[in-house]
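Q: Please read through the structure below; I'll follow up with questions.
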Amino acid sequence: FRIHNHRFYRYAQSAMHTVMMTSLPSPIQTVYYPDLFIAVNLCHISPYAATEGLFRAAKDHNSILAIYGPFDLNGQHTSPGNASFHESLKQRNPTWGVRDVSELENTAAACGYALKQRIDMPSNNMTLVFTPIDDTRLSSV
């Protein structure tokens with residue numbers, strides 16, 4: 001997918017680190033903690049507990065969290081296609097489904113995060129960018 005906000009893209013490009021753990025014969029382990037977590041098509045095709053875990057992981061590392069996928073707004077599907085998609089997900093697994101942005105905002109708030117930006121994307125998808133409430137890393141976006 002392509003991020004249409006070029007300032008955010010430049011930040012993401014410079015901030016992203018590879019999470020890497022090496023298992024060497026010596027006792028040395030190297031861990032790089034990311035400044036940015038990106039989740040693509042996760043929230044709707046997993047139990048909501050996975051989304052909650054994603055926010056907790058971002059909080060543990062004080063990371064920005066960008067989530068891409070289909071979302072509802074104010075309890076309404078954003079397109080007939082998303083409504084059909086939601087129903088097909090629920091038929092496959094009742095714990096799956098298109099999530100409402102407000103549900104993610106509530107989960108974010110419980111972790112000390114806030115929705116910083118909502119970017120409308122092609123095919124009725126969105127990228128939601130969450131930061132710790134007092135974070136200034138994206139203040140110019």
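Q: Looking at (1) in contact (Cβ under 8 Å) with a residue 24 or more places away in the chain; (2) outside any strand (DSSP E or B); (3) not small (Gly, Ala, Ser), which one does residue 91 not meet, given that it meets all the others?
A: Just one mismatch for residue 91, condition (1).
Q: Further, regarding this structure: Any residue in region 99-112 that is touching a Pro at 6+ places or on another chain (Cβ under 8 Å) and touching a residue at least 24 places away in the same chain (Cβ under 8 Å)?
A: Yes, because at least one residue in region 99-112 is touching a Pro at 6+ places or on another chain (Cβ under 8 Å) and touching a residue at least 24 places away in the same chain (Cβ under 8 Å).
Q: Can you tell me which residues in region 102-118 are touching a strand residue (DSSP E or B) at 6+ places or on another chain (Cβ under 9 Å) and within 18 Å of residue 75 (Cα to Cα)?
A: 102, 103, 104, 105, 107, 108, 115, 118
Q: Here's a check for you: in region 122-131, which residue that is open to solvent by 20 Å² or more (accessible area, probe 1.4 Å) and at negative phi is nearest to the chain's Cα centre (by Cα)?
A: Applying the filter and picking the extreme gives 125.
Q: Scan region 44-80 residue by residue and report those that are among the acidic types (Asp, Glu), open to solvent by 40 Å² or more (accessible area, probe 1.4 Å) and in a strand (DSSP E or B).
A: Residues satisfying the conditions do not exist here.
Q: Can I ask one more? Restricting the search to region 105-121, which residues are under 12 Å from residue 70 (Cβ atoms) and either open to solvent by less than 40 Å² (accessible area, probe 1.4 Å) or part of a helix (DSSP H, G or I) (or both)?
A: 121
Q: Under 13 Å from the mean Cα position of the chain (by Cα) and over 16 Å from residue 39 (Cα atoms), is that true of residue 109?
A: In short, no.
The values are calculated or read from the model by the stated rules, or taken from the named source; none is laboratory data. Bear in mind the structure is a predicted one, so any value in this text is a computation, not a measurement. Using ideal geometry, Cβ is built from the backbone for each residue, glycine included, and neighbour counts are taken over all protein chains shown. Each accessible area value is taken on the protein alone, full model and side chains, heavy atoms only, with ligands, DNA and RNA left out. Shrake-Rupley method; radii C 1.70, N 1.55, O 1.52, S 1.80 Å.
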